[in-house]
Structures are given as structure tokens and as C-alpha cells.
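Take a look at the structure set out below.
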Amino acid sequence: MMGSLGRPLSRSGSTDEATELNGQPSERMRARSNSAVRLDYYQRLVYKSILRYQDPVSGLFPGAYEATKQENNEAWIRDNVYSILSVWALALAYRKNSDLDEDRAKSYELQQRCIKNMRSLLCCMMRQANKVENFKRSQSPTDSLHAKYGIRNMKTVVGDAQYGHLQLDAVSLYMLTLAQMTASGVQIVCTLDEVAFVQNLVFYIEAAYRIPDYGVWERGDKTNKGETELNSSSIGMAKAALEAINDLDLFGARGGPGSVIHCIPDETQKCQVVLQSMLPRESNSKEVDAALLAIIGYPAFAVEDSDLIEQTRQTVIDKLQGRYGLKRFLRDGYRTCRENPDRLYYETWELKLFESIECEWPVFFCYLLLDALFSSHYDMAEEYWEALEEVVIRTDDGLKLIPELYAVPHDKIEAECANPHSQERIPIGRKPFLWGQSLYILCCLIREGFVAIGEIDPLCRRYVTEKRPDTVVQIVVLAANESVRQKGEKNGITDIQTVQDVSPIEVYPARVLSYIYGQLGKSDKLNLTGRTSNQVGVLSTSTFYQLQDRIIAFTPQFLDQEYFYLASDTYLLIDMFRSDIAFLKSNWSMLGRPTTILEVTDRSFDENGVLHPALAATFRKCKTGYLHGARVVLGQLDDFLNTSCMYTLQFLDSFSSFTQKARSRRGTNISSGDDIRTYLDRLMQQRATNKPQLPMAKPRNDPTKRRLSRDARIRTGSIAGIIRRTRSIQVDTTDPGIIDIRNRHQSGSGDSSGGTLSPPIQARSRTSTADSSAQQEFFHSSATDRPIFSQTIDEKAERKSVVNLPEVDVPELLEMLTQTESLGEQAEIIHYLYLTKGMTFETKMPGKNLSFGKATVGDLVKELYDKACQMKKWWLVRHSAGMLAKRVEDLANAVSDLLVHKKQITVGMPSDNEITITRPIPPDELQAVIRDAYKLDTSTAMLTQELLMYLAMFIRTEPALFHDLLRLRIGLIIQIMAAELARHLKCKGEDASEYLLNLSPYEMKILLHHILSGKEIGVHDDDDDAEEDAQLKITPTLVSKVRRSGIERLRKSMKVSMNSANLMLMFSGQDGKVLGSEDSLPPTANGAADAVQVSPVEFPEKTGRWLRRRRIDGALNRLPEDFYPRIWHLLEKSQGLTVTDGMFLSPNLTNEMTAGELKFALHVENILSTVSQPEYRQLLVESLMILTMLVEYEPRCRFDRPVDIRALVLKAYGLYLADQMNNDGDSTMCCAVKGAPMPTVSQWTPARCGGAAGICLNFYDTAPSGRFGTMTYMCRAAASELPMFIPSAIAGDQSQLECNVM
């Protein structure tokens, strides 16, 4: 019982005895007799309701207790861990209150029962050590640990594919409880082999943030068809387990370095980021789930944001709480009267049958009560205690049991559906439900003061929301050698040390730390190879490490130039360094300060010894004490020894075994007499390079530069341009139509960015060969409807001909290769050899460190790659990296980061081969998917890897950029980027793609950021390069105005300007009739064309602006806020929506999915993604928004037949053309011509101006707002075409029919 103020009562049940005059709980010990009586009651309750079911041999608990149930012989990991919690708590209570030997004996026996149960679970999993090893690489459900085992023999009971075994939350819960029990003094792990297995369990769950599993309810997708999902509850439990068990000695006070568990902090942080991005959603098919209570409160305490905890808890309570407990999730059919017991799965249409009659589980009242007790919310604790008392089942001998669930009887289903929570329910299922019974007893023990919350949470997980002190990042700048140090001092970097001068501290690259962590958990007996991932993040490299008597520091992984060419771009390196500093400020949680090292190399200086400007600016900024919003301190390594975080690597104390492990992994020949220093030195040695001698490339203006002779060029004419012919980036030469529109409107002169652009590229023979007449002819001669970014038949045929090249004399080619000093000519010859002969073909060219005749094409490509990196020829860097099949080391993690943030990814060009990625996949498979999507275009394949990396960076640092994006189509984004360059440079699309590929990685990142944010870009040409190496510079600081793209303005305007009166006036005439297409729109009240006043300075109306915005929004799949829930409610009131040919949104989707399900949003997005023209897609979205607002502001409105969205858009377009002809508008110059055929749904009529879907470019370039805005025409079209009933007009002045949506 609890007092009137909700305070914990005394163990004797007396409120007066338990409180002092100030109303606080008394610290005075109660009489032992009263305490013993209450403890004996709970001991009897534990024995009769829980321990009576524990197997005497294995110590495991069964899943069911009836003799007819098969589950009676099966033990689930999750249920066993929850069941043993109350036994552990009671043992702690007796240990604290044991005045007699009898009480100490009870405590000992209860503790041994806990140990027996936990060790049996460990034994069950250790029998499947091979699965743990396989799962670390494959992450396949069939390689996962089994979720249940035989209760007596502890063996598996079903096959790998016969059950949803992949349940990361169950393994994580076991590890979390193991850590808590060990910290409380209960030793469960006894041998180093068991320690190694637990260490591998850490690697098993550390990637939970990107591994879809079957979740707490073992069913995955709620249709129960065996589809795995990414579950917030699994990620949260894994995060809690990793944090709890990190640096924990499993042998307790008797342990040593070999029994300590180590976790990679960066993996834990990734779990945290993904968890925060998903909450309060559970998964794609479950918008909310009661299982989230276990991660926002006891036992996990996985969420650090107090506001997010409260939001999640309130969402769960509002949507799932009932009188008898909480529903597991919405439309849960388990054990309801309408569930078909003869099949395990549900038909999608029948899910709606379970709405409002889902079973309610009392166990979740226990979670809420524990949450209230841990947070000292006694009023809430009293509320849920009373709720529990109403649902417990009382036995004849006075025991209280928690049933599994409460269900609505068959005869009361209709009444319950009509009035939810009005009918009495009956308890069904297991009685008691061990999971819930154990938590109920735990609540009682805490509530009555027998167990303190600190005793069952000795690791203090409950304090995870406490505010941390501000992080100060310590920065050390080191020189790679003495020459670099002297150059640095000349450039103002004073007191800089070399890597060799920082003794006794030793500095190594991050790959050494990755290799050291790879030794964790290795066990020859269990055939476990330790950590397979070679990724270490900035949290790991910002720590000092103690290895025996040595102190080691590591540089960040992005500085390692062996991995990928991104490290060759100093601008990008500095940008990544600054981002890491901000990341450390926000995510550092370890003791001590983070220390990050910035290594300066010869590449940091130009040929004149001048320090790179980005590095110089960063160094000056560090001296001020602030960098990228973080407090920083600049100093030397030995200055930071006492203030830095220090981590021990004493698990490598036996170097003989360590070197043996190194030999088994890498095949190195290290004698047992070598010490660690010798091993690390050998690890750092670079292998002798195997490079043939290619002529050194020289600048274009070098008079001594050798090129191929004219005769040689003629003989190899089929090779010329071979690289360019592999390109898959295609942009229409008119930038599809924007240049022409601007040329036809003299009033629209000037650039639409409103900022300052560097002078565009002037006339070049390659970029301006098409004159105005040729452009005008193309502009009026589009014969077919096509995507804005397309390939002509000739271009496709030209690409196809690449693989059918005529034979060219190879010796002659090799001779030419040794003669030319043009890097472009070398690249084309080597690319031809790569296509026709392969990488292993011996060229018989002399090479370094090789005998004559051993150099292969692969060696030539490697040297070409190194030269391109050195000369910063980025188009060739990307192309040669593609031929070498290089891969960004973080590629799989980058894709996973995007996927877990609810973003789908497509790679490949929409007009060729677009492949959708919907789940995390291994790195090798992912690289193969990208290469297959782009076929021979290795340059664009490498660019795709880059963009995926940048997108992952942005989603971690600026998630707001992706708020309204659900699918990222990399191919369309690449083409949009090329189109932006073509628009600003006024060049051909083919040349724009070449300029795009020659942007440096940093410039590419800036351009991508501008596309995502809707900003304008500044571009200028680097005129000093040769024609073949022409390079552009992206200038991000030229534009001071941050302009979101068009859909953002549409979203804001809909919120501010739209109301039901204006909308219904649009749809109603003076007498209540529907406004037809023949009715014209009267002017607005103030006589202006636009209802919303727009500052001409902030939003200058420029020709082509809205066309560009619609294209960018369409390519990015950007949508208004709450678009998908609005479509769901629209489908509820319609007979379906036809979006494109064969693509129909059925109203049955509302029966299968709820409005908040991500699964529904993905289905709608799949339909919209079939529209290949981005600007046309945006018109469809605008028309859909008109319909959603109609049903939103007039709930009585319903559609009596399916609505064709295409017909609505075409009707609006027809109204637009009519107004254009009546008012002599801009479209009269092309499409608004009397007698011109109109496109229809069944037959597209090409627009004379080449607009997508047969619609005039001027219509796409029309603002949504105003009397002649696209939204206005959509409203008028809806009023005349939709099969709906419109209520009577709203009383009042109906003369103003202006659309005020913008």
C-alpha cells in the first residue's frame, strides 16, 4: 500500500511509522519481525508463482506451463531473464536484512538460482558459437543465435529458418542483466573462454542500429509474415547493454586485464543517434509499441534526452493504454476473437478488424510503475499501483498473480468497436505470466523499501539523462617529419613537434588501433576470430591508450590516405576535421577530455612552401579557443597527459600469444622474441611499390610536353574519347529549357540566384558550338514526351559500342604510352587496355622493383591513380579509382546511417538501371550493386560512393535537410547537380557532366549541400588548366540569402494562409453550385495578383525560378509536411487515386496500415517514384495537396469513384492555356495556340516547347500562388472534375474566389 501522498510505505504497512513530521520516509529501521514477515510473504510468492516452474536440472523457465503445450519444454532467453529479476531482487533483500543464519541461507539459495539460470542461458548460446562467428560477417537471420532452447537438454528446438530467431533485444537484455548482476557482486562468468564469448556477443550486437530483426514480439512486420524490421526497442536495448558492460570485469574483484570486456564507443554512439531519430516510432509497420517502455525506463534507460523520453512515454500512453493494461501495438490481432488460430500470419486486409479490440497486457503497468518509482514520481506510482491491483488475479491462498493479457469476449466485440474501453474484458493466456509476475514482485520490493533502486541498478543507468559538463576538445598539430616542421614554422605554426619528437608518447594511424581491437575476443577453442570490422571512429581515436608501459595515441581515420582518395583533398580533410570537433563536443561522455591529432604533411603545402589556406585558417581559429562551435585548447601531447581520457589495452599483456594471433590473421613472420615496438614498426612499414615507369605528365603550356603525333592519333582514332563515351550522366543541351525561356523574356535578364557569380565560361570550341538557331530548333522540335534528363538513341548506341571496339595493335599502343606526356592520352590508352585485356594482362613495360615484362595493366592503372591524386585531376582520380574497384571504407556504414534514418536509396540513372536499396547490406555486396547500376561508367560509380558519404555526413550533422525526404535517388541528384552547372555556365549538358566529375571532393560536397538546402551556387572556371583538365570552382560564400526550395514555401503558406472558408469559396458558386471551368476568377480584394505579399528583395521573381525549384524538389522527392498521413485520410474518403499508368493507390491501404506507419509512406513513395519527370511529379503532388486540404477542411466531403490525378493536372493545364490566350500570356509564344491539340490521360500530345508530359514549360515555371498560380488552377479543375458532393456555400461574401494557399 501507499500513503495518501503516494510515498513508499513501511514494510509493516504503517504510514505513521514510516514517516517523520516533515512527511519524508523514515530512516529508522523497522522491527525485524515485521520485515521478516513481509519478506517471507514475498519469498512464498516467488516460490509459488515463479520458482516452481524452474527446471531443477538446467535452471531454465518454460514458455508455458500446461502439459498440452509444446512451449512447456522450450525456454526463451528474454522470458528467462525477466523471470529471474525478481529472484535476484529478493536475494538482495535477504542479503541486506539477514539477521539470522536462516535468512542468509535463503539469500544464498536465491542467488545460486540466479547464477544457475544465467549460466544455463550462457551455455545455450555458447553451443552456437559458430553462429556468432558467422553472423558478425553475414548478419543474416539464419546465422543468428536461437531465441529459444530445450528446457532440459539446452539444445535448439527448431530449425534456423523455422522461427524468427534474430532477436537482438533478447541477447542485449541478457548482457545488460549480466553486467548489472556482476556489478552487484554475483559472479556468473567463470572462465576466460566464457569471457571471450561474451566479448564476441558485444560484436554480435554492436551493429544493432543497422540490423533489422524480429523484435520483442518475434514477428517482425506486424502482418507476421516473417519480414524483419529495424526496431527501436532492439537498438535501445543493445545501446544499454554496450554501455553497461563496457570496461566491466566479469570476474568481479577477483579479475584481471584478461577478464575485462571492451566496447567500441563509436558503435554505441551510432545506436544512440539512430534510436533518437526513430523514437517514438518502433518500426516501419508499428508507429508505436509498448515495448518502448523498457528502453526509456527500467531496465535499459537507453534514451538520454528527457524531452524525448516524455514524448515517447506520452505517445505510448495516449495510443495504447487501456483499463487492463496496454496494447502491444495498434491493430495487434494476437489472441483476439477475430484472429484465425489456424494460420500464423495475417492477411493485410484483416488488420483493420483488430482495431479497438487489441488485447491489453497488464505487464506494462509494471513498467510504468517502475518508471515512476525510479524517477520519484510518487503520484504516478500510486496511480499505476491502483491500476495493477484491479487487474491482478487473487488465488485461494492469498497470492496475487499477473495474467498474460485481457481480451474482449466474442459477444462484446461490436460494442467495444463502437465505444472503445467500454466493455469488460476477461483474463486469458498464462496465469501467471512469468515476465509480468517477476516485474510485479520487483515493484513490490522497491515500493516497500526492501530493495533500493541503486541495488538493482548498481551501474547507475538511471542517471543517463543527467546533464554533462561542457566538453573541451584538445587539439595537437604534429608534423610528419622535420622538413614539414620547418615549413610549418615559416608559415606561423609555432611550437609544432614531429611525430618522432613526442616521446614517450607514440603516434600511429587509426588502422593500427583497428588491428589491435581485432585481437579482442579471439578464441581458438571456440573458433572465434574477434572483431571483424576495421572501423574505428573519432571517439576511439581521441583517447590515449596504455599498452603495458607505453602510451599510444592515434590519428583520425580520415587522415589515412591508404584507404581512399578523399584524403588527397586538403579542403575536405579540414572540413571533416572541423566536423569531428563539433561531433566530439556533442557526443563525448567518457572521463577526461578528448584529444584529437591533426597531422601536417608535405601535401599541406604548395610547391612554394605556402601552407594550404584552409589549414592556416583552421590553425588561427584554434588559437582563439573556439572551432566550429566547440571550445578547444591547442597544445602539445605531453601537455594533455593529465587531462586526457586514458584507456588501457592490457588484454595484450601476453605478447607471445598476441604475435601468434597476428600470424594467424595476416600471415606475418614474427618471432616470439620480438617486442611490441618491433611489431608496430613492422605493421607500419609500407610494401615496396610495383609501378611501371610512365612518362611524367606536364602542364599544357610547357613547350617540352610531348603528345601523340598526328599520324598516331589517326591510327588510334577509335580510342580517342573512349572514357567520355562511358559516361552515363546526361543533361539536355538546353539545360532543359531554362536558357531558352530566359532568352525569350528580356525582362528576366540576370541570374535568378540574386547573388554574384563569377564570369561564366566564355566561348570555347567544346562548350559553345551550338548557336542560337540550333537551340531554337531543338526547343521547338521535341517529338516525344521524355524525362528532362535523358539519353538519345545515338548516345546509348555510342555507349554500347565501347565494348565492341576494333582491334588496335597493342605493342603500338604501349609504345605510344611511353611517348606521350599527356595525362589524358595516357588515361585513354590504359582504359582501352583495361576494357579489352583486363587488369592482369602483362604489358611488358619495365617497372620499378620488377624484372622486365612483369608490369600489368593493373600496375599502370595504379600509377595513373597516384599521378592523378598528386596532380589533383579529380576526373581521372575517380575514373582510375573505379577501375581499381576502390571502396570508401565507411560506405556500408554511410548507407546504413541513411537507411536507419528512414531514407531509402536508389543508385543508377533512372533512364538506364535504377536499383533500390532498402536494407543494410555488406560492403562487398553494396559495391557490386553500385558497379552493376552504372555498368562501364566507373567514374559515376565512384561519384555515387562519394555522395553517399556526404549524405551520411549531412544526416548526422544537419538532419533538418532530410526532414521531408523519404527516398534519395542518387542518379537524379547527380543529374540535377550537372544541370545546375549547365545552367550557371550556359554550356552543353555533356560538358557540364565533365565539369561535375572534375570538381574536387570538397567542392562536390558543397554543391550537394546547396542542392539539398535550396541555395544558389557560385561557379567560376579555372582557366589555367588544359582543355582536357578544365576544372571548376564552387564558391559557397557568394550567396548570402538562404532560399529553401519551392515545396518549403508551399508548406509554410499552406499553414498560414489556408482556411476552410477560402477553400470552400473556391469550390462553391453564389448559389451553392460547383464553380465550373467556364467561370473566371475575380480579382483579389486589394486588386493584386498575389494574395501573399512577397518581398522582391528576398524572393526576386526571375524567369525559370519555379521550373528549377520544381525540378530540384522532384529530383529530391521533397514533399510537404505530413504529406503521407494526409494521403491516408484522403484514401479513407475516396475510392482510390490513380497517379500514373498502372499505379493506383487503393483505399484498402487504410485497412492494411495506419496513418503513421512508415510502411504506408514507403508505399506511396514507390508510386510517386514511377514518375520520371521531376517537375511533373511536383504538379501531381500539388494536386494531391489540394484534395487533402479539401477533405481536411470539409470532413463531410467524399468521392464516389476513383480520382485520376493526371486528369486533374491536365484540366488545370487546360484552364491555364485558356487564360493565357485570353490575356496574351507568355505561353502564346509556344503552346497556347488556338486549335493546338491538348494532351489527355490516354494519349500525350508533345508540348511545342518540349515540356515534360506534354505540359508547357511556362506552366511549370508558374508560381503556385496568385490569381494565375498553379494551385489556383488546380482548385478550379477540382471544382469541375471531381466526383464529389460539395456542401452548401459558406454564408458571407462569395465574390472573392482567390486561392490564398501561398
| query | Remind me, what semi-axes does the range 885-957 give for its equivalent ellipsoid, largest first in whole Å, using sqrt of 5 times each Cα gyration tensor eigenvalue? | reply | 19, 13, 11
| request: Diagonalise the Cα gyration tensor of the range 455-513 and give the resulting equivalent ellipsoid semi-axes, square root of 5 times each eigenvalue, largest first, whole Å. | output: 40, 16, 9
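What shape does the range 139-288 take by its C-alpha gyration tensor, where a ≥ b ≥ c are the square roots of the eigenvalues and a/c under 1.5 counts as rounded, a/b above b/c as prolate, and the rest as oblate?
Numbers: a/c = 2.35, a/b = 1.38, b/c = 1.70.
Note, shape of the range 139-288 comes out oblate.
Would you mind computing the Rg to Rh ratio of the range 516-628 from its alpha-carbon coordinates, Kirkwood style for Rh?
1.05
Kindly provide the GluC sites (Glu not before Pro) of the range 414-460 that DSSP labels as loop, not H, G, I, E or B, and whose Cβ sees at most 16 other Cβ atoms within 10 Å.
On the way: sites: 414, 416, 424, 448, 455; in loops: 424, 448.
Here the GluC sites (Glu not before Pro) that fit, given the DSSP loop and packing criteria, are 424.
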| remark: Packing-ranked peptide list from 175-188, 284-297, 1157-1170, 914-927, highest mean Cβ count within 10 angstrom first, is 284-297, 175-188, 1157-1170, 914-927
| message | For the range 310-413, I need the span (max minus min coordinate) of the C-alpha atoms along each principal axis, in Å, sorted largest to smallest. | response | 44, 41, 23
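For residue 442, what charge total do you get from the other residues with a beta carbon under 13 Å from its beta carbon, if Lys and Arg give +1 and Asp and Glu give -1?
On the way: positive: 447; negative: 371, 448, 455, 457.
Net local charge, residue 442 excluded: -3.
So how do 1207-1216, 308-317 stack up, highest first, on mean other-Cβ count within 10 Å?
Numbers: 1207-1216: 22.7, 308-317: 17.7.
So the order, starting with the most tightly packed, is 1207-1216, 308-317.
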| remark: In debye to the nearest 20, the charge dipole size for the range 304-459, taken about the Cα centre with +1 at each Lys and Arg Cβ and -1 at each Asp and Glu Cβ, equals 560 debye
| message | If you restrict to DSSP beta bridges whose two residues both lie in the range 503-649, what percentage is antiparallel, to the nearest 5? | response | 50 percent
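From the C-alpha gyration tensor of the range 1122-1251, pull out the three semi-axes of the equivalent ellipsoid (sqrt of 5λ each), sorted largest to smallest, in whole Å.
Details: eigenvalues 193, 50, 30 Å².
The three semi-axes for the range 1122-1251 are 31, 16, 12 Å.
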| query | Which percent of the Cα-Cα distances in the range 243-282 go past 12 Å? | reply | 64 percent
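Could you give the alpha-carbon Rg of the range 834-961 over 2.2 N^0.38 Å, rounded to two decimals?
Values: Rg = 17.2 Å, N = 128, 2.2 N^0.38 = 13.9 Å.
Here the answer is 1.24, to two decimals.
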| field | Highest to lowest packing among 514-527, 224-237, 981-994, scored as the average C-beta count within 10 Å | value | 224-237, 981-994, 514-527
| said: Skipping prolines and chain starts, which residues have an amide H placed within reach, meaning under 5 Å, of the one on residue 644, given they are 5 or more residues away or on another chain? | reply: 593
| remark: Net charge (Lys, Arg +1; Asp, Glu -1) of residues whose beta-carbon lies under 10 Å from that of residue 404, residue 404 excluded, is +3
| request: Mind running the shape call on the range 490-578? Use the C-alpha gyration tensor, a ≥ b ≥ c as the square roots of the eigenvalues: rounded below 1.5 for a/c, prolate if a/b tops b/c, oblate otherwise. | output: oblate
| remark: Given the candidates 458, 417, 476, the one whose Cα lies deepest towards the positive end of the charge dipole of the range 417-478, counting +1 at each Lys or Arg C-beta and -1 at each Asp or Glu C-beta, is 417
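Checking a compactness column here: for the range 352-484, what do you get for Rg(Cα) / (2.2 N^0.38 Å), N being the number of residues?
Against the empirical 2.2 N^0.38 Å value, I get 1.70 for the range 352-484.
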| Of 96/522; 352/412; 136/902; 222/431; 239/352; 136/903, those spanning more than 29 Å from alpha-carbon to alpha-carbon | 96/522; 239/352
| note | If N is the residue count of the range 63-142, its Cα Rg over 2.2 N^0.38 Å rounds to 1.49
| query | Where the Cα atoms of the range 404-471 are projected onto their three principal axes, how long is each span, largest first, in whole Å? | reply | 59, 33, 18
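If you take all C-alpha pairs in the range 204-298, what percent of them are over 18 Å apart? Each step should come with its number before you reach the end.
Numbers: 2173 of 4465 pairs.
Result for the distance tail: 49 percent.
None of the figures in this text is laboratory data; all of them are computed from the coordinates on show. Quick caveat: nothing in here was measured; it's all calculated off a predicted structure. Reconstructed Cβ throughout: ideal geometry from the backbone, glycine too, with neighbour counts over all protein chains shown.
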